[in-house]
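The next block holds one structure in the form of structure tokens; read it before the comments.
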Amino acid sequence: MHKKLFIPGPVEVTPEALHDMSVPMVGHRSKDYEKIHAHCVNNVKKVLYTDQFILVGTSSSTGLMEAAVRNLSRKKILSVVLGAFSDRWNKIATANGKDADRLEYEWGLAAKPADIDAKLSEGGYDLVTVVFNETSTGVMSPLKEIAEVVAKHDDVILAVDAVSGMAAAKVETDAWGIDYMLAGTQKAWSLPPGLAVAVVSERCFQRAEEVENRGFYFDLLSYKKYAAGKRTNQTPSTPAISLVHALGRQAERFAADLDAHWKKHFAMREMVHDWVAKRGFELFAEKGHESLSLTCIKNTKGIDVAGLNKELGARGYNLSNGYGALKEKTFRIAHMGTMTPPELRDLLLNVDDIMGW
Ligand SMILES: *Cc1c(COP(=O)(O)O)cnc(C)c1O
């Protein structure tokens with residue numbers, strides 16, 4: 001039996017979106033593909049409130065995290081670390097031979113713009129990496145305010161991992177001044193994994209010109225050359241065409257009523273928060289910084305999460321235990337993308353029924 005996914009990625013994919021992938025194949029150097037690519041990019045731009053370049057990359061999100069550190073730093077990186085994925089970004093930087101300092105927070109806390117400002121004021125940095133929505137802790141950091149302080153430092157580019165936040169929370173990319181922001185398709189875009197997208201500002205391309213050893217597969221300049229140079233709407237190597245098509249359709253659906261889409265995420269978060277309070281649990285995230293796309297719940301009642309998930313599985317549902325060291329200490333419920341409040345209510349009622357609450 002299929003288990004409906006309430007885990008923070010991959011998330012459940014609607015039959016409609018799956019259907020969008022079953023289109024006849026086209027050559028990736030054909031006009032047919034260029035149309036698919038242009039449709040995708042134009043609609044993604046609407047959801048992200050941007051007119052900047054949209055990179056369509058065939059990889060999981062991690063690939064575009066690597067692209068950021070390889071292309072955007074020629075001096076030193078500041079990695080803001082407050083959970084598993086922000087820690088990963090720092091490790092990607094050092095694995096690529098980059099100089100990277102950590103601004104570290106206890107898991108569960110959000111990044112503080114003033115700390116980032118102070119750290120950047122020490123000088124020597126040219127890139128700061130921030131995870132907008134830490135999927136391991138359910139924490140959303142204040143992106144607009146972070147972008148504001150980073151903008152005070154001329155030479156510094158802000159790169160944002162918005163993997164589980166993009167298309168779940170309203171991010172006004174251009175108005176806030178974000179240079180680089182990436183996500184994969186299997187989180188709030190509610191599509192199968194395999195494709196990643198990034199907003200890439202003109203500043204990023206200028207920076208890449210100054211960076212040696214950008215690598216080959218994720219060289220930002222080559223993406224630009226193929227999509228907005230002599231050729232248009234193409235990619236350097238063969239893209240996951242079916243997913244590019246499906247992403248264009250999904251973005252078009254979200255863009256049809258963005259206000260309703262963002263509101264739905266607030267409503268789903270509230271529903272889970274209410275349930276958490278009524279059942280006597282606590283939220284793991286720092287107050288005021290709770291994620292809009294997933295809730296990380298402190299297992300204050302010591303329930304057997306694995307056992308609960310097994311019972312849920314028999315009923316066709318799947319939620320998530322904690323990440324890494326938080327495995328037994330927390331559990332997580334995702335509420336993003338195409339998921340609806342009634343589906344979430346259904347999950348919570350089933351948890352209650354299994355636990356006898
Ligand atoms: C899931 C996730 C990633 C990793 O994504 P992949 O697509 O598996 O590479 C990175 N960052 C965050 C915040 C995530 O939620």
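Derivation of every value follows stated rules applied to the coordinates shown; laboratory data play no part. Just so we're clear, the structure is a prediction, and the values are computed from it rather than from any experiment. Glycine gets a Cβ as well: all are built from the backbone with ideal geometry, and neighbour counts include every protein chain shown.
Applied to the stretch 5-20, the Karplus parametrisation 6.51 cos²θ - 1.76 cosθ + 1.60 on θ = phi - 60° returns per-residue 3J(HN,Hα) values of 8, 10, 8, x, x, x, 9, 4, 10, 5, x, 4, 5, 4, 4, 4 Hz, with x for Gly and Pro. One Cα centroid belongs to the stretch 131-187, the other to the stretch 244-306; the line between them spans 18 Å. Near the amide H of Gly194, within less than 5 Å, lie the amide hydrogens of Thr185, Gln186, all on another chain or at least 5 residues away, with H placed in the peptide plane. A cut-off of 5 Å between modelled amide H atoms, ignoring neighbours fewer than 5 places along the same chain, links Leu294 with His335.
Using the Stokes-Einstein relation with a Kirkwood hydrodynamic radius computed over Cα pairs, the translational diffusion coefficient of the chain at 4 °C and a viscosity of 1.567 mPa s comes to 63 µm²/s. Here the Karplus curve 6.51 cos²θ - 1.76 cosθ + 1.60, taken at θ = phi - 60°, turns the phi angles of the stretch 23-29 into couplings of 10, x, 6, 10, x, 7, 10 Hz, with x standing for Gly and Pro. Over every Cα atom in the stretch 109-205, the radius of gyration and the widest Cα-Cα span, Dmax, amount to 13.4, 42 Å.
Packing around the peptides 83-96, 252-265, 167-180, taken as the average count of other Cβ atoms within 10 Å per residue, puts them in this order, highest first: 167-180, 83-96, 252-265. In terms of distances greater than 23 angstrom between alpha carbons, the cross-link table entries Lys119/Lys298; Lys45/Lys75; Lys46/Lys264; Lys112/Lys187 yield Lys119/Lys298; Lys45/Lys75; Lys112/Lys187. Annotation: peptides 304-317, 114-127, ranked by per-residue average of other Cβ atoms within 10 Å with the highest first, follow the order 114-127, 304-317.
Just how large is the dipole of the stretch 163-230 about the Cα centre, in debye to the nearest 20, putting +1 at every Lys and Arg Cβ and -1 at every Asp and Glu Cβ?
That gives a dipole near 240 debye.
In the chain, the calculated helix contribution to ellipticity at 222 nm averages -13000 deg cm²/dmol per residue, counting -39,500 (n - 2.57) for every DSSP H run with n ≥ 4.
In a reduced charge model with +1 at each Lys and Arg Cβ and -1 at each Asp and Glu Cβ, the chain shows a dipole moment near 720 debye about its Cα centre.
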